Amino acid sequence: MRLKFERRAEPSRLMLYASPVGAVLLTMLVGALVFSLIGYNGFGAVYQVFIAPLVTSYKWGDIAVKASPLILIGVGLAVGNRAAIWNIGAEGQYVVGGLAGVGIGLMTQKMTGAWILPSMLLAGIVGGAVWGAIPAALKNWFNVNETLSSLMMTYVAIHLMNHMVTGPWKDPTGFSYPQTPLVTPSQTLPILVPGTYVHLGVVITLVIALILWFLMSRSLFGFQVRVVGSAPSAARHGGFSQKATVWMVFLLSGGLAGLAGIFEVTGPFGQMSLGFPQNYGFTAIIVAFLGRLNPLGVIIAGIVLAVTYVGGDLAQSVLQLPNASKGIFQAMMLFFLLASDILIRYRVRLVSSAPAPAMAAPARSPAE
Amino acid sequence: MSADFLISVIITIVGASTPILLAGLGELVTEKSGVLNLGVEGMMLVGAIAGFAAVDATGSPWLAVLVAAAAGAAVSMIFAVLTLSLRANQVATGLALTIFGTGLSTLAGHSYTGRPIKPFTTIFPDVLAAHPFGRVLFGYSPLVYFSFIMVALVAWFLNRTRPGLILRAVGENDHSAHSIGYSVIGVRYGAVAFGGAMAGIGGAAFPLVLTPLWAEGLTGGRGWIAIALVVFSGWRPTRLLAGAYFFGLLGTLELYAKASGTIFTAVLPSEGWAALPYLATVVVLAIISASKAGGGNAPACLGRPFTPTA
Amino acid sequence: MIKLNRRSFVAGAAAAASLPMLASRASAADPLKVGYIYVGPINDGGWNTAHEAGRQAMLKKFGDKVQSQYVENVPEGPDAERVLRDLYNQGNRLLYATSFGFMDSAVKVAQAFPDVKVEMCTGFKPSSNNNLSNYNIRFHQARSIFGTMAAMLSKTGVGAYLATYPVPEVVSGINSFTIAARKVNPNFKTKVIWINTWYDPAKEADAARALIDQGADVMTQHTDSPAAVQVCESKGVPTFGQGSDQSAFGPTMCKSSSLDLWGAFYTTRTQAVLDGTWKPEDTYWGMKEGALDIAEIKNVPDDVKAAALKIKQGWIDGTWDVYSGPIKAQDGTVKAAEGAALNDGDILGMNWLVEGVDGTLPS
């Protein structure tokens, strides 16, 4: 007996939506069992990590703030991945976006005015887009694999940031601690819900995600991206330029990552320090996949990941579950999701080792 | 500068280069078969904690190397099953593997913090390493000699043997390799397992040689340097050796320059030195990609899942 | 660790479900809830282990009058504010934020919740709600003991100091070490290396090797892992641990370690909250108050041990101050004249190196 994969005539819609849910549920179940086996309160841990943040109303603001950068970066990456362009350097674009915004912030420390914050945000977008343009240019001009170059540029960005915050941009009144001055009130995103730290960036993130969803599903741009990704030769015949798509994808995903970076600076972080790179750029890759490369799905996936971050801290303070468990839960969730991906395009059958007889035509999937 | 001083510097460079060389060799073979596994850092950490635990339990660093290799290979199988059998995306799976390996090693290492272990000693009689020049040749841990042997073995395997040829064929053109009758998936399973084992040994070099202790995130991001190194080498084992020593030299020289109080860091700030390996990798990548159509020596199928056509 | 059983699961779930109500239910009869956040793992064998030991000592003292929670491995960024708010929302009304990078988050939380009391370790900013104190330990006191021992143990007169970032705590440690050493050997030099990371054991070890190869024959370190101590052990170079007893990593060469003892401070301040007498006041304790000590001195000649203990006693009874004048900076400017001494503000904001330090502050 062995497993046999049979290609479905069309991707299964049911599996497309059911598999992320299944992956989360399976993670909860397996996680509870594994953590129980190694001597922790496994079921309690799962409750704290996945459920408690959702049923505790004062945690909703935390989830929104934590999910915001993941969603913003994730939707940009989802577009790129649709075009089969692999930007894994969003972390670097996030950092450089933050840096560019901080640069404006330092110049305007002593000024006030409504123009300051928008110019910082704009600088963040430009900074991220410029950093994203590097792998795009290398790919278009020298045929450089963008996965590798964007990854390398991330580390260059982080070292650049380390240099700026320990050197030229260090807060002169900060006792030499490696961090920039705090942002001034004119440089701070307004708080939307009093008593929390849910900032304007959260709403902007949602609006951008919705716009991208509309663009991807309803516009020529979305069509071009999908054709370039799924049928490159058809794209060439149809007059869609691969190179132009590379530029667009990197400028878009880089710009959004940069915006996420400056949102963090002008929002919850309030400054830039060595702890600024939070791996949001890498986690967002997971979010993009968990969200099925669909901007609406990315919103949900971003929230799920944010819940595990917030819940991971809860599990620590309530149950003394080690901090490392959070990463194990997140990785497990992704493993299950990736494993179940195949069910979208294939059906799995247990067959005897002898060659199976030809199957009847596969059943139609519910929609499309 | 005395000979003694130079020899000390060389020994430090060799120490810093060996883990990335070992992990890089494994990743090179994995990538040559067409698979991009970004989980190197996670596999190194799992190897590091497994190696530490093995020494702690048995006192034998030799056994620890085997255990670390087995542990690295074991976690790499998660990646293999997902990406090869279930055709999942390699980038996402590799990142998840790093998150998993980091979490797993931290959890497993919780009770090992604050305890030293006995590190690897040299294998040659002390008399050989007594003279300074003898020390340059005979003064290292066995892992250093192992890394050199592995460079030669991998180079020979890839370039001179039939299985090596098949592995490269699978990485260059999976569909034709499949149509000739080779098992693309089988070859890639083997390559991923080898990559995992070597990453495990590379990770174990930290507790076994460099810092005989366990601490969270002990490998300090060197798994990512190893990935850069493979690209920097243009997927050639001998250049990987040179590259590993070049990267090791960059990191070590900076420290020596700082300790001697020279103006070394005035030329380039210390973060600049730290970023140099990555920048150099991007430049090398651009050169090899531009000079030969199809990305130089880069495996053509790198990162693409293989779906056999009926 | 908590073993799985149905009861504990239900208890855990119930505790979480009732969280939002805890805040409003808290009354005088309930135990005081005290929250801690740590920047690293509680078993790092250094900074965080010391704080956790302090928390345990405090808990032991108060029994069921106090309940406590902690969160470890909190990155110094926006997560800190979230975790602090969360601890507040779970009913903690006294919060200890145990790393400098939590400062701005701690100030924000103190200003958001007037009924919380925040103790901020190594911070310097106040809260407009008058509910935040800063606390610190005079780490430089132990460094002066090690400087004295180092100069007596060194043959070359060159010591090494493995440093992270040029923050006042590190700078004052280097200066204290060097001044004390030069009282023994006026020609003593301290080589400093800035490794620009708080934590990377392999880099710490390589930096230690580099310093030893450059001629230093005694070393101390201000890094978080014992990696440098292990290098010193293998190279036969006397060294000193920091934060907790690191002699396990250098059985013959680790001559002593500085010990951060937060327990007395945590007990005192928690007691003040219980008594209703807590008010914001900055605390800067040292050996005299039992906040700092050194581990047993091992494997040194008797005169070295005696000299070390004499300095320790001097700190305790107030007859010794490493920062009493004359003190000259590297460039020759007089920082404290004969008969004067540096004050706490000078030490807490130190951004210059004394004569005898071989190396510069990174700009």
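Once you average over the residues of A:152-161, how many Cβ atoms of partner chains fall within 10 Å of each Cβ?
Averaged over the peptide's residues, the number is 6.
Give me the net charge of C:SER127's neighbourhood, meaning all other residues with Cβ under 15 Å from the Cβ of C:SER127; Lys, Arg count +1, Asp, Glu -1.
Taking every other residue near C:SER127 into account, the sum is 0.
Roughly how far apart, in whole Å, are the Cα centres of segment C:60-104 and segment B:8-52?
38 Å
When you look at the Cβ of every residue in B:97-109, what mean number of other chain Cβ atoms sits within 10 Å? Walk me through the intermediate numbers first.
Details: counts 3, 3, 13, 8, 3, 4, 11, 4, 1, 8, 10, 2, 3.
Rounded to a whole number, the mean comes out at 6.
Can you give me the relative contact order of chain C as a percent, contacts being Cα pairs under 8 Å and 6 or more apart? Walk me through the intermediate numbers first.
Details: 737 pairs, mean separation 59.3, N = 363.
Normalised by residue count, the contact order of chain C is 16 percent.
Loop-only trypsin sites (Lys or Arg not before Pro) in segment A:280-353, please: DSSP not H, G, I, E or B, and at most 16 other Cβ atoms within 10 Å.
Nothing satisfies the criteria.
Between B:ILE10 and B:SER291, how many nm apart are label points set 7 Å from Cα along the C-beta direction?
Output for this residue pair reads 2.9 nm.
Cα convex hull of the protein assembly as shown: how many Å³ per residue? Before the final figure, lay out each step's value.
Details: hull volume 185.7 nm³, N = 1041.
Measuring per residue, one finds 178 Å³ for the Cα hull of the protein assembly as shown.
Where does chain B land on the Kirkwood hydrodynamic radius, alpha-carbon pairs, in angstrom? Could the numbers behind the result be given before it?
Working: mean 1/r = 0.0501 Å⁻¹.
Final number for the Kirkwood radius of chain B is 20.0 Å.
What number, rounded to the nearest 500 deg cm²/dmol, is the helix-based mean residue ellipticity at 222 nm of chain C, given -39500 (n - 2.57) per DSSP H run of at least four residues and division by all its residues?
Here the helix-only value at 222 nm equals -12500 deg cm²/dmol.
Specify the residue with the greatest mean-square fluctuation among A:ALA288, A:ALA136, A:ALA235, computed from a Gaussian network of chain A linking alpha-carbon atoms under 10 Å apart.
Evaluated over chain A, the most mobile residue of the options is A:ALA235.
Just C:LEU259, C:LEU309, C:LEU84 to compare: in a GNM of chain C, with alpha carbon springs under 10 Å, which one fluctuates most?
The residue with the greatest mean-square fluctuation here is C:LEU309.
Give, in whole angstrom and from largest to smallest, the semi-axes √(5λ) of the equivalent ellipsoid of chain A, with λ running over the eigenvalues of the Cα gyration tensor.
Computed over chain A, the values are 37, 28, 18 Å.
Once every DSSP H run of n ≥ 4 in chain A is given -39500 (n - 2.57) and the sum is divided by its residues, what mean residue ellipticity at 222 nm do you get, rounded to the nearest 500 deg cm²/dmol?
-22000 deg cm²/dmol
Mind telling me which of A:PHE276, A:PHE175, A:PHE329 comes out most flexible in a GNM of chain A, alpha-carbon contacts under 10 Å?
Greatest mean-square fluctuation among the candidates belongs to A:PHE175.
List the DSSP H helices in chain C whose Cα atoms stretch 20 Å or more along the helix axis and whose mean Kyte-Doolittle hydropathy is at least -0.5.
Long hydrophobic helices here: C:168-184, C:302-317.
Which of C:ASP206, C:ASP275 comes first, and how do the rest follow, when ranked by fewest Cβ neighbours within 10 Å?
Numbers: C:ASP206 27, C:ASP275 8.
Ranked by crowding around the Cβ, least crowded first: C:ASP275, C:ASP206.
So if we plug the beta-carbon distance of B:LEU137 and A:LEU296 into 1/(1 + (r/R0)^6) with R0 = 60 Å, what FRET efficiency do we get, rounded to 0.05?
Values: r = 63 Å, r/R0 = 1.05.
After rounding, the FRET efficiency stands at 0.40.
Determine which lysines satisfy two conditions relative to C:LYS203: a Cα distance under 26 Å, and not lying fewer than 8 residues away in the same chain.
Output for C:LYS203: A:LYS170, B:LYS118, B:LYS258, C:LYS189, C:LYS191, C:LYS235, C:LYS255.
At 7 Å along Cα-to-Cβ for each site, give me the label-to-label distance between A:MET107 and A:LEU210 in nm.
3.4 nm
Would you order A:LEU122, A:LEU274, B:LEU6 from fewest to most other beta-carbon atoms within 10 Å of each residue's own beta-carbon?
Fewest-to-most ranking of A:LEU122, A:LEU274, B:LEU6: B:LEU6, A:LEU122, A:LEU274.
Could you list B:TYR182, C:TYR323 so that the one with the fewest beta carbons within 10 Å of its beta carbon is first and the one with the most is last?
If I rank by nearby Cβ atoms, fewest first, I get B:TYR182, C:TYR323.
Among residues other than C:GLY35 whose Cβ falls under 9 Å from its Cβ, what is the net charge (Lys/Arg +1, Asp/Glu -1)?
+1
With label points built 7 Å along Cα→Cβ from the Cα atoms of C:LYS288 and B:ARG115, find their separation and express it in nm.
4.3 nm
How many partner chain Cβ atoms sit within 10 Å of a residue's Cβ in peptide A:31-42, on average, as a whole number?
So the per-residue partner count for this stretch is 3.
Net charge near C:SER257: determine it from the other residues with C-beta under 11 Å of the C-beta of C:SER257, scoring Lys and Arg +1 and Asp and Glu -1.
Working: positive: C:LYS255, C:LYS298; negative: C:ASP245, C:ASP260, C:ASP293, C:GLU296.
With Lys, Arg at +1 and Asp, Glu at -1, the net is -2.
Once the dipole of segment A:1-112 is set up with Lys and Arg at +1 and Asp and Glu at -1 on Cβ about the Cα centre, which of A:ALA83, A:GLY31, A:ILE104 lies farthest towards its positive end?
After comparing all options, I get A:ALA83.
Rounded to the nearest 500 deg cm²/dmol, what is the calculated helix-only ellipticity per residue at 222 nm for chain B, with -39500 (n - 2.57) per DSSP H run of length n ≥ 4?
Result for chain B: -23500 deg cm²/dmol, rounded to the nearest 500.
R0 = 56 Å: FRET efficiency of B:VAL283 with C:LYS65, Cβ-based, nearest 0.05?
0.30
Based on the Cβ-Cβ distance of A:VAL348 and B:TRP156, what FRET efficiency does E = 1/(1 + (r/R0)^6) give at R0 = 56 Å, to the nearest 0.05?
Once the sixth-power term is evaluated, E becomes 0.90.
So what's the gap between the Cα centers of segment C:298-360 and segment B:196-262, to the nearest angstrom?
First find each Cα centre; the distance between them is then 39 Å.
Going by average Cβ neighbours within 10 Å, how do the peptides C:295-304, B:245-254 rank, with the highest at the top?
Highest mean packing first, the order is B:245-254, C:295-304.
Put +1 on the Cβ of each Lys and Arg and -1 on the Cβ of each Asp and Glu in chain C; which of C:LEU274, C:LEU309, C:GLN141 then has its Cα farthest toward the positive end of the dipole?
The one lying farthest along the dipole's positive direction is C:LEU274.
In Å, what Kirkwood hydrodynamic radius results for segment B:1-155 from the alpha-carbon pair distances?
Values: mean 1/r = 0.0579 Å⁻¹.
17.3 Å is the Kirkwood radius here.
FYI, it's all coordinate maths here, none of it is from the lab. This structure is a prediction, so every number in the text was calculated from the model and none was measured. Cβ coordinates were reconstructed from backbone atoms using ideal geometry, including for glycine residues, and neighbour counts include every protein chain displayed.
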